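Here is the structure we will look at, set down as structure tokens.
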Amino acid sequence: MEAGMNLLHDAGVRATHQLQVRFQGSQDWFLFVSFVADLRNTFFVLFPLWFHFCRPVGIRLLWVAVIGDWLNLIFKCPGSCLPSRLLFGERPYWWVHETDYYRNSSAPQIQQFPLTCETGPGSPSGHAMGAAGVYYVMVTALLSIAAGEQQAKTLKYWVLWTVLWTGFWAVQVCVCLSRIFIAAHFPHQVITGVISGMAVAETFQHVRSIYSASLRRYLAVTAFLLGFALGLYALLRALGVDLLWTLAKAQRWCARPEWVHLDTTPFASLLRNLGALCGLGLALHARAPAPATRGPPPLPFRLGCAAASLLVLHLFDAFKPPAHAQLLFYLLSFCKSAAVPLATVGLVPYCLSRLLAPGGKKDV
């Protein structure tokens with residue numbers, strides 16, 4: 001097995017080297033793609049837009065992002081164990097330095113970039129998995145809207161279908177090439193990520209309970225996800241497994257120490273996602289119930305809510321929890337993520353309606 005994985009890893013490193021040589025002048029583009037594919041942009045940009053224009057899609061988008069990234073963390077746990085580490089854990093930027101595969105020849109030279117030094121196990125790729133899941137939700141939502149309630153599939157529908165799915169796969173190819181180019185992932189890891197992300201998104205196409213979930217359900221799911229992850233962590237620690245082996249490798253082999261960020265650790269990702277899910281539950285059920293006769297908010301109001309949400313969340317995103325104190329960093333990361341849906345769903349619409357209503361009465 002080790003010999004086969006060495007061949008696979010060598011092919012991946014050579015692919016990275018060839019991409020960096022052939023597209024040396026495109027590094028800014030690849031870095032931009034990796035930045036855009038980060039799930040942070042789903043929470044801070046895509047979720048506010050979709051929630052205010054199509055609430056069910058916004059809710060599904062957040063659930064897919066959170067559960068998908070949680071599953072990504074769980075899938076990576078075998079990467080902490082031997083011998084499965086050979087299959088799940090390695091990343092190109094440190095594997096090329098540690099392997100003895102090149103003992104009789106020179107290893108391909110690969111560059112590192114500010115987004116290279118991820119600290120968790122490498123498979124499946126979180127960026128590829130997240131991008132596939134999120135864009136799958138958006139494409140299927142747009143096609144469902146285009147088909148209408150009767151699900152009529154006209155020529156215009158099929159033209160749109162072709163355009164959207166072509167765009168979907170173009171995005172996935174760009175994300176995969178970006179992650180390979182910056183030496184954060186091997187090709188098989190990004191392919192696994194795309195397949196996994198699409199599977200999660202397709203599953204949530206058929207989970208209708210998320211649209212009417214109670215606050216108790218949100219809190220219970222959040223507690224279960226946290227408890228399961230911590231229980232798995234405790235079990236592996238009891239078995240003598242070092243779950244921080246990848247962090248040590250990142251710190252050792254990253255070209256510049258400042259490129260190793262605490263917010264790329266699996267535990268930081270877990271708390272960010274659970275904060276967003278918990279915040280969505282609180283926001284949805286903290287809102288005052290609307291009268292039964294009231295219709296959907298008018299388009300100008302929704303446009304205002306979307307624009308204001310993006311502005312407020314941009315200010316939130318500018319706040320960076322201090323990395324020198326890990327416990328405080330994790331706590332503030334959870335609170336920051338919870339604030340995203342709280343502001344988008346509750347605070348911004350409430351403040352805007354109060355501002356626009358004559359005499360301070362909320363009638364929107």
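Would you be able to say whether some residue in the range 105-113 is over 25 Å from Phe204 (Cα atoms), touching a residue at least 60 places away in the same chain (Cβ under 8 Å) and among the aromatic types (Phe, Trp, Tyr)?
Within the range 105-113, the first condition is being over 25 Å from Phe204 (Cα atoms), and the residues that meet it are 105-113.
Now narrow it down to the ones that are touching a residue at least 60 places away in the same chain (Cβ under 8 Å): 107-113.
Still in the running and among the aromatic types (Phe, Trp, Tyr): 113.
Yes; the residues of the range 105-113 include at least one that is over 25 Å from Phe204 (Cα atoms), touching a residue at least 60 places away in the same chain (Cβ under 8 Å) and among the aromatic types (Phe, Trp, Tyr).
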Counting only residues in the range 196-238 that are hydroxyl-bearing (Ser, Thr, Tyr) and assigned to a helix (DSSP H, G or I), the one modelled with the lowest pLDDT is identified as Tyr233
Inside the range 248-271, can you point out the residues that are open to solvent by less than 60 Å² (accessible area, probe 1.4 Å), modelled with pLDDT of 85 or more and of a type in the set (A, V, I, L, M)? Ala248, Ala250, Val260, Ala268, Leu270, Leu271
Are any residues in the range 226-259 in contact with a His (Cβ under 9 Å, 6 or more places away or on another chain) and among the hydrophobic types (A, V, I, L, M, F, W, C), and if so, which ones? Trp253
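So which helices (runs of 4 or more DSSP H) are wholly in the range 1-94 and hold at least 3 residues that are at pLDDT 90 or above? Walk me through how you get there before you give the answer.
On the way: elements: 2-22, 27-36, 47-53, 55-76, 85-88.
Those helices (runs of 4 or more DSSP H) span 2-22, 27-36, 47-53, 55-76.
Inspect all residues belonging to the range 20-30 and state whether any of them is under 11 Å from the mean Cα position of the chain (by Cα) and either open to solvent by less than 30 Å² (accessible area, probe 1.4 Å) or free of Cβ contacts under 8 Å to residues at least 12 places away in the same chain (or both).
First, the residues of the range 20-30 that are under 11 Å from the mean Cα position of the chain (by Cα): none.
Within the range 20-30 (the criterion being under 11 Å from the mean Cα position of the chain (by Cα) and either open to solvent by less than 30 Å² (accessible area, probe 1.4 Å) or free of Cβ contacts under 8 Å to residues at least 12 places away in the same chain (or both)), the answer is no, since none of the residues qualifies.
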Does Gln205 satisfy the condition of being surrounded by fewer than 20 Cβ atoms within 10 Å (Cβ to Cβ), of a type outside the set (Asp, Glu) and touching a residue at least 24 places away in the same chain (Cβ under 8 Å)? yes
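Can you tell which of Arg217, Arg237 is touching a residue at least 12 places away in the same chain (Cβ under 8 Å), open to solvent by 30 Å² or more (accessible area, probe 1.4 Å), farther than 22 Å from Ala132 by Cα and not β-branched (Val, Ile, Thr)?
Details: Arg237 fails: touching a residue at least 12 places away in the same chain (Cβ under 8 Å).
Result of the check over Arg217, Arg237: Arg217.
The values are calculated or read from the model by the stated rules, or taken from the named source; none is laboratory data. Everything numeric here is computed off the predicted structure, so don't read it as measured data. All Cβ positions, even for glycine, are placed from backbone atoms using ideal geometry, and neighbour counts span all protein chains on display. Remember, those area values only see protein heavy atoms, side chains included, never the ligands or the DNA or RNA. Shrake-Rupley method; radii C 1.70, N 1.55, O 1.52, S 1.80 Å.
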